[in-house]
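What follows is a single structure, written as structure tokens, with notes after it.
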């Protein structure tokens, strides 16, 4: 969309702009989609109709393009689409970067701990066995675990890894079941705070920029429905769209929707209600979006710092257990020598 907007701003018509983008695209699937869109426009269809038939863009993008065509502000609305896409990438990047450190540390801890149990302790067990040293229960337990994993690793690790991947896929990726994973995330206070900040910022930015582009409120609310992957937010956006279309106010929607207070903080609800009454909804939405974007950035930077002591504590416990399992038999060996 960024290239199309730039080419249209330079004075090219939509057909030549799409042809230029098609020639630069290396992805075969995207090139085929762009080619089909260009052919549809050549046959007299509007850009909105061609994009709707292609089904490759989210509803919010098609809505902005549709009203851009109707109002003669297609280039301006395409620039809004580019800004929205940039913001979406930033939101996702913040969430991933905030959790990546914790995931890497946890995985490395599990790998190193398993390798130590499988390869190091059994060798110590052979040494202690030849010395007729009684092993402490902790050492015997870890050695037995290591021998078991070493003997059956080929039968255990692949199925466990496959099951873990399948579970994660159905919890967080599969459209019909990922609401379960989202519900679990909402039960973790720190992660829930990050999700709420991201969703509030995304909702306010998408709705604010869409309204600023000249899209009516009901159509703008319809566009926000596809801007999130969280089922509870999607349900609320759909409810908000349907009730506002019936003449309900934001205040009534926030009051009647179950658990609306868990999705939007009280301050945000009050600001949106006041903005709707004053007729400054678009401007207020953009300000709220910017404010919560800053909160998201701050919380995303703080999450690794908050989780680091917990991870260090868990790692320390594992190191102490391995150290005790290794050192305690040495004291028994010294008693035997004496």
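Read the figures in this text as sums done on the coordinates, not as results from a lab. As the structure is a prediction and not an experimental result, all values here were calculated from the model. Cβ coordinates were reconstructed from backbone atoms using ideal geometry, including for glycine residues, and neighbour counts include every protein chain displayed.
Annotations for the structure displayed:
- Taken as Cα centroids, the range 301-316 and the range 210-257 sit 38 Å apart, rounded to the nearest whole angstrom.
- Computed over every Cα-Cα pair of the range 254-301 and binned at 5 Å starting from 0, the pair-distance distribution P(r) comes out as 5, 20, 23, 23, 18, 9, 2, 0 percent.
- Residue 99-residue 255 pseudo-label distance in nm [points 7 Å out on the Cα-to-Cβ vector]: 3.6
- Mean separation of Cα pairs under 8 Å and 6 or more residues apart, divided by the residue count, gives the chain a relative contact order of 21 percent.
- The Stokes-Einstein estimate for the chain, based on a Kirkwood radius over Cα pairs and taken at 4 °C with 1.567 mPa s viscosity, is a diffusion coefficient of 53 µm²/s.
- Degrees between helix 14-24 axis and first principal axis of the chain (Cα, 0 to 90, nearest 10): 30
- Size descriptors for the range 2-84: radius of gyration and Dmax over Cα atoms are 11.8, 33 Å.
- Volume per residue of the convex hull around the Cα atoms, evaluated for the range 124-282, comes out as 157 Å³.
- The ellipsoid equivalent to the alpha-carbon distribution of the range 215-303 has semi-axes of 22, 16, 13 angstrom, derived from the gyration tensor eigenvalues as √(5λ) and listed largest first.
- Here 182, 35 are placed in order of increasing Cβ neighbour count within 10 Å, fewest first, which gives 35, 182.
- Angle between the chain longest axis and helix 281-337 axis [Cα atoms, degrees, rounded to 10]: 10
- Pairwise label distance in nanometres, residue 22 with residue 274, each label 7 Å out on the Cα-Cβ vector: 5.2
- Mean-position separation - Cα centroids, the range 262-279 and the range 4-59, in angstrom: 38
- If a spin label sat at a point 7 angstrom from the Cα of residue 149 along the line to its beta carbon, the backbone N atoms of the range 99-118 nearer than 18 Å would be those of 104-118.
- Modelled spin labels at residue 231 and residue 107, positioned 7 Å past Cα toward Cβ, are 2.7 nm from each other.
- The long axis of helix 231-245 is offset from the longest Cα principal axis of the chain by roughly 20 degrees.
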